1. State the number of residues belonging to the stretch 393-413 that are part of a helix (DSSP H, G or I) and open to solvent by 20 Å² or more (accessible area, probe 1.4 Å).
2. Do we have C360 as more than 16 Å from the ligand (Cβ to nearest atom), closer than 23 Å to Y40 by Cα and buried (at least 18 other Cβ atoms within 10 Å of the Cβ) here?
3. When you go through V407, V346, V398 one by one, which is the residue that is within 16 Å of the ligand (Cβ to nearest atom) and modelled with pLDDT of 95 or more?
4. Considering only residues of the stretch 22-34 that are in contact with a Leu (Cβ under 9 Å, 6 or more places away or on another chain) and of a type in the set (G, A, S), which is nearest to the ligand (Cβ to nearest atom)?
5. Anything in the stretch 60-94 that is crowded, with 20+ Cβ neighbours inside 10 Å and part of a helix (DSSP H, G or I)? List them, or say none.
6. What's the total number of residues in the stretch 62-74 that are more than 12 Å from the ligand (Cβ to nearest atom) and farther than 18 Å from C224 by Cα?
7. Would you tally the residues in the stretch 40-61 being more than 8 Å from the ligand (Cβ to nearest atom) and in contact with a strand residue (DSSP E or B) (Cβ under 9 Å, 6 or more places away or on another chain)?
8. So which helices (runs of 4 or more DSSP H) are wholly in the stretch 95-145 and hold at least 2 residues that are closer than 19 Å to Y156 by Cα?
Amino acid sequence: MERTIFRAVIVGAGPAGLTAAYELSKQQATVAVLESDPEYVGGISRTVNYKGFHFDIGGHRFFSKSREVEDLWTEIAGADMLDRPRSSRIYYRGKFYTYPLKPFEALSKLGVIESVLCMLSFLAAKLHPVREPKTFEDWVSNQFGKRLFRIFFRTYTEKVWGMSCREISADWAAQRIKGLSLGSAIKHALLPKKKPKDRTQVVKTLIDTFRYPRRGPGMMWETCAEKVRGLGGSVMMGRKATGCRFDSARNLWIVTARNAKGEFEEYCGEHLISSMPIRELVAQIEPRLPETACEAARSLRYRDFLTVGLIVHDRGRFSDNWIYIHDPMVQVGRVQNYKSWSPEMVPDPNYCSYGLEYFCFEGDGLWTTSDAVLIELAKAEIQKVNLAASADVTDGCVIRQPKAYPVYDDAYQRHVETIRKALDAAYPTLHLVGRNGMHKYNNQDHAMMTAMLTAKNILAGERKYDVWAVNQDAEYHEAGAAGEQAAEVETRVPVKTPDGARTVKASY
Ligand SMILES: Cc1cc2nc3c(=O)[nH]c(=O)nc-3n(C[C@H](O)[C@H](O)[C@H](O)COP(=O)(O)OP(=O)(O)OC[C@H]3O[C@@H](n4cnc5c(N)ncnc54)[C@H](O)[C@@H]3O)c2cc1C
């Protein structure tokens, strides 16, 4: 039987894969999207439905400095997008502190003695900063003082990454908490709010409002998948790509996928767009890449993540979107309150649904703990941090997210570069997009922009755009002065500290 040849076979129905599929389908290019999940599209940006309660994997703010990305969200799901206020706090030793920190509130809650010590420690940091800070601890201590670092930064960061702040490079702090210092926090707290001239001037950490689909981020991607199907594209669930073979005689990609019944199917495309983790892709490619590239791919690492979803009688205890748990007495790192993201996340207004987030490595103690035990742990911890009484928890579920964070260690850039060069040389019709697809610890907007440019490249029949030049704000910088600027952002990431610190980025 003659097999269909798609213009592109796309692996993954997350934001990157579906954006590419949508952009291509709009131009009548045929696509087949293969998604390993049997039920959900959206990838890390999916929304899990448990008995009518909707759980977001982490809480996804829809905010981009890129006008094109914002417009695409509006085009896909504009009518379902809400404008939501942001409210988040830090829990530390029995007290809640507004986040981003409001200096006067923070100092008053810490008490007179601790506040004086914090101010002295801040002054000491200003008078005697660590010259050339190499570690996360040094960088943040320079900005806020050692005491505030210990209270408001250390515990959460160490929970997220599972390593000491002395092992983490200063670079992610410089990048992630960019534009934020005690000085800027005081200015933010005191001065009347001026609307930024344009969205590129916004400090992302400080944005007060964001967009959010009525029933969570998955709604955006379910609508997008429907639109792709409506345009004639195929989005196939429960199809895990297990092999990607390039047939050089016919210039075609043959992708093998295992379906939900365990049977193998083959899909044929002129182009292959991959949003699966680079480590998996390289292991699947045939003919194989040189051993140096295979070894580089095996060296890429990931941090994993699980959410314990709790359904709780609403006693009006808190209305924040999320709360960072800086307290070392509990393992939970962050608590999401989905009803505050959107009232439609719960089917009954008498209940709330919380997501207790635990950071872990696939296969470690937490990851392999049974769901029942994890739910009991979460019930005990939500009571310990005073956000709900265990007795008010009526039900729960566990959502595991492997490869939630591509790890930026001191060697990752070298490895990615090795793989990129090998792929570019051998396979011009293979396109890497998205977060794990490019090993880029970035948001949906970056994943989408890489997919939008890839679709343009395929439609143009040439690589007009270098997707690696898209920066973390989803802005595309061509070669030249702006290109150098993008490169500079990249090189700020992985610097090994003299005592062997690893470089990673964390999530705030
Ligand atoms: C805790 C957390 C909070 C976040 N918060 C935000 C936020 O507030 N705002 C924001 O914009 N972004 C946020 N993000 C980032 C966002 O989730 C990602 O940037 C986005 O989902 C990346 O899209 P993607 O398509 O590249 O990858 P993914 O979302 O990972 O999708 C990849 C898809 O490919 C599928 N797949 C993988 N391998 C195969 C295979 N072999 N065969 C078939 N299918 C396969 C997967 O099942 C998945 O569906 C957050 C992420 C995390 C972890």
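The values are calculated or read from the model by the stated rules, or taken from the named source; none is laboratory data. Because the structure is predicted, anything quoted here is derived from the model rather than measured. Note that we place each Cβ from the backbone using ideal geometry, even for glycine, and neighbour counts take in every protein chain shown. Surface accessibility is based on the protein's heavy atoms, side chains included, excluding ligands, DNA and RNA. Shrake-Rupley method; radii C 1.70, N 1.55, O 1.52, S 1.80 Å.
1. The initial filter retains those residues of the stretch 393-413 that are part of a helix (DSSP H, G or I), namely 412-413.
With open to solvent by 20 Å² or more (accessible area, probe 1.4 Å) added as a condition, the list becomes 413.
Number satisfying all stated conditions: 1.
2. Working: more than 16 Å from the ligand (Cβ to nearest atom): no; closer than 23 Å to Y40 by Cα: yes; buried (at least 18 other Cβ atoms within 10 Å of the Cβ): yes.
So C360 fails the test.
3. On the way: V407 fails: modelled with pLDDT of 95 or more; V346 fails: within 16 Å of the ligand (Cβ to nearest atom).
After ruling out the rest, the residue left standing is V398.
4. Looking only at the stretch 22-34, we keep the residues that are in contact with a Leu (Cβ under 9 Å, 6 or more places away or on another chain), and these are 22-31, 33.
From the residues that got through so far, the ones that are of a type in the set (G, A, S) too are 25, 29.
On the way: S25: 16, A29: 19 Å.
The residue in question is S25.
5. Of everything in the stretch 60-94, those that are crowded, with 20+ Cβ neighbours inside 10 Å and part of a helix (DSSP H, G or I) turn out to be V69, L72, W73, I76, A77.
6. Step one: filter the stretch 62-74 for residues more than 12 Å from the ligand (Cβ to nearest atom), giving 67-68, 71-72, 74.
Cutting the leftovers down to farther than 18 Å from C224 by Cα gives us 67.
Result for the stretch 62-74: 1.
7. Within the stretch 40-61, the subset more than 8 Å from the ligand (Cβ to nearest atom) is 47-56.
Among the residues that remain, those that are also in contact with a strand residue (DSSP E or B) (Cβ under 9 Å, 6 or more places away or on another chain) are: 47-51, 53-56.
So the count comes out to 9.
8. Details: elements: 103-110, 112-127, 136-144.
Fully inside the stretch 95-145 and qualifying: 103-110, 136-144.
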